[in-house]
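One structure is given below, encoded as structure tokens.
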Amino acid sequence: MGSGCLALNASFEPLTVLSVERALRLVIDRKAELLEAEEGRWMRSPRQALPYPAVIRLVRYVHVPRRFRRQVTNTFLFARDGYRCQYCGRHRNDLRPREFLTRDHVVPLSRGGVHDWTNVVTACSSCNNRKGNRLPQECGLKLRTTPREPNEVELVWAVRRLTPVQAKYIAMFYGAEALQALRRVTEEAENARLALVGEG
Ligand SMILES: [Zn+2]
């Protein structure tokens, strides 16, 4: 079962995840249309049973200003990079006891680099120390991927489950590849959570 209702912009761009109560309110107020309801599941009200919204679409297009986009945080950065050092390629689970994942500015801030998604990568503490205030090519390090800004949905859904119906709308807008990337991130988050539980 999903943990909320997927809300799409009028353009079908997936925007965010709402509580089902809030989603239903938007539909009742005619601010959104119900695209998909969960089969066999109902919201009870005193007078009637209402559909349980899985996907809604806003009637009017909402412009999402850039300042509302997600800031770089280690949680999302590590998830974007699959919990791997982008220089040596080692996964968090492959690090030695005193090593840990860090945030690295590809072009150091002290040399004019900016603090945004296209200039930050996940680096293990060893690679980060080795790099210091240099550019990767100045110390024989090579980036495995080109850093990019993750789309909103990857971030919003990084730690949630998608129902198959909701997944269909993500794939419709962003393509199957984005959906697969999302699934990898979700799996990683799930594994991390299980590992924490295991450590007690
Ligand atoms: Zn490394």
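Scoring 134-140, 45-51, 123-129 by mean Cβ neighbours within 10 Å over their residues and listing the highest first yields 123-129, 134-140, 45-51. Between the alpha-carbon centres of region 108-143 and region 36-50 there is a gap of 52 Å. Straight-line reach from Lys131: which lysines have a Cα under 16 Å away, not including same-chain ones fewer than 8 places off? Answer for Lys131, where 16 Å is the Cα cut-off: Lys142, listed by chain and number.
In terms of packing, defined here as the mean over residues of other Cβ atoms within 10 angstrom, the peptides 79-89, 13-23 line up highest first as 79-89, 13-23. Along its first, second and third principal axes, ordered by size, region 71-139 spans 33, 27, 17 Å in Cα coordinates.
Computed from backbone phi with θ = phi - 60° and the Karplus coefficients 6.51, -1.76 and 1.60, the 3J(HN,Hα) list for region 98-103 is 8, 8, 7, 7, 9, 9 Hz; x is used for glycine and proline. Using 0.36 nm per residue and subtracting the Cα-Cα separation, the extra length available between Glu39 and Arg130 on full extension is 27.3 nm.
Here, each number is a calculation from the coordinates, and none is a lab measurement. All values reported here derive from a predicted model rather than from experimental measurement. Cβ sites come from the backbone with ideal geometry, for glycine too, and all protein chains shown count toward neighbours.
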